[in-house]
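Each remark here refers to the structure printed beneath this line.
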Amino acid sequence: MLGMIKNSLFGSVETWPWQVLSKGGKEDISYEERACEGGKFATVEMTDKPVDEALREAMPKVMKYVGGSNDKGIGMGMTVPISFAVFPSDSGSLQKKLKVWFRIPNEFQSSPPVPSDDSIKIEERESITVYSLQFGGYAKEADYVARAAQLRTALEGTATCRSDIYFCTGYDPPMKPYGRRNEVWLVKA
């Protein structure tokens, strides 16, 4: 636990590599189209719980792994953003299912430490192209759902996105009280 806290406060922070392909907007919504690099990710899947509750359970697992709860016993540093995939129902509300994706820092991409917790999996993910909408505050499920709907509306007639999944992202540790950065990423179809 101490390693996790030390890592989140004093560890290095690496940004998940992406390239801005274009910027757009409609009314008061501004967004970016980004090509996000693939790679190896530590993942945790949660089901049968509302998104906010599932996230409160999944995030500490990932943070412990990053902080040194792994076969090498080393803190890896953080990669931001941490993203989690959500799965909307036909009504737009979210199913009781999420998957946290933490991109392994570049230094460990070729040989990531093995997680001590069996619920954490190391997975390879291909590059993806997303449409990203940024917003502030302490984001909850309702905020992500509302922002995803705003972004879908702004993209109508100009882009096609997957309707079965999107990503919610956060850049800041929980103890940061202001100037927070969150994003919704709709996956280009």
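The set of residues in the stretch 144-189 being of a type in the set (Asp, Glu), in a loop (DSSP other than H, G, I, E, B) and under 13 Å from the mean Cα position of the chain (by Cα) consists of Asp172 alone. Would you check if there is a residue in the stretch 121-138 being open to solvent by 60 Å² or more (accessible area, probe 1.4 Å), over 16 Å from Arg34 (Cβ atoms) and either free of Cβ contacts under 8 Å to residues at least 40 places away in the same chain or among the hydrophobic types (A, V, I, L, M, F, W, C) (or both)? Yes, some residue in the stretch 121-138 is open to solvent by 60 Å² or more (accessible area, probe 1.4 Å), over 16 Å from Arg34 (Cβ atoms) and either free of Cβ contacts under 8 Å to residues at least 40 places away in the same chain or among the hydrophobic types (A, V, I, L, M, F, W, C) (or both). Considering only residues in the stretch 63-103 that are closer than 20 Å to Tyr166 by Cα and of a type in the set (A, V, I, L, M), the one that is surrounded by the most Cβ atoms within 10 Å (Cβ to Cβ) turns out to be Leu98. Between Ala42, Ala54, the distinction of being in a helix (DSSP H, G or I) and either open to solvent by 40 Å² or more (accessible area, probe 1.4 Å) or of a type outside the set (Lys, Arg) (or both) belongs to Ala54 only. Every test in (1) within 17 Å of the chain's Cα centre (by Cα); (2) closer than 20 Å to Cys161 by Cα; (3) open to solvent by less than 30 Å² (accessible area, probe 1.4 Å) is passed by Ala35 save one, and that test is (3). State whether the residues of the stretch 94-108 include one that is under 13 Å from the mean Cα position of the chain (by Cα) and part of a loop (DSSP other than H, G, I, E, B). Scanning the stretch 94-108 turns up at least one residue that is under 13 Å from the mean Cα position of the chain (by Cα) and part of a loop (DSSP other than H, G, I, E, B). Across the stretch 15-31, which residue is nearest to the chain's Cα centre (by Cα) among those that are charged (D, E, K, R) and either assigned to a loop (DSSP other than H, G, I, E, B) or surrounded by 19 or more Cβ atoms within 10 Å (Cβ to Cβ) (or both)? Result: Asp28. Any residue at all in the stretch 164-175 that's in contact with a Gly (Cβ under 8 Å, 6 or more places away or on another chain) and either modelled with pLDDT of 95 or more or open to solvent by less than 30 Å² (accessible area, probe 1.4 Å) (or both)? Checked against the condition, which is being in contact with a Gly (Cβ under 8 Å, 6 or more places away or on another chain) and either modelled with pLDDT of 95 or more or open to solvent by less than 30 Å² (accessible area, probe 1.4 Å) (or both), the stretch 164-175 yields no hits at all.
The values are calculated or read from the model by the stated rules, or taken from the named source; none is laboratory data. What you see is a predicted model; the values in this text were computed from it and never measured. Reconstructed Cβ throughout: ideal geometry from the backbone, glycine too, with neighbour counts over all protein chains shown. Areas reflect the complete protein model, heavy atoms only, side chains present, ligands, DNA and RNA absent. Shrake-Rupley method; radii C 1.70, N 1.55, O 1.52, S 1.80 Å.
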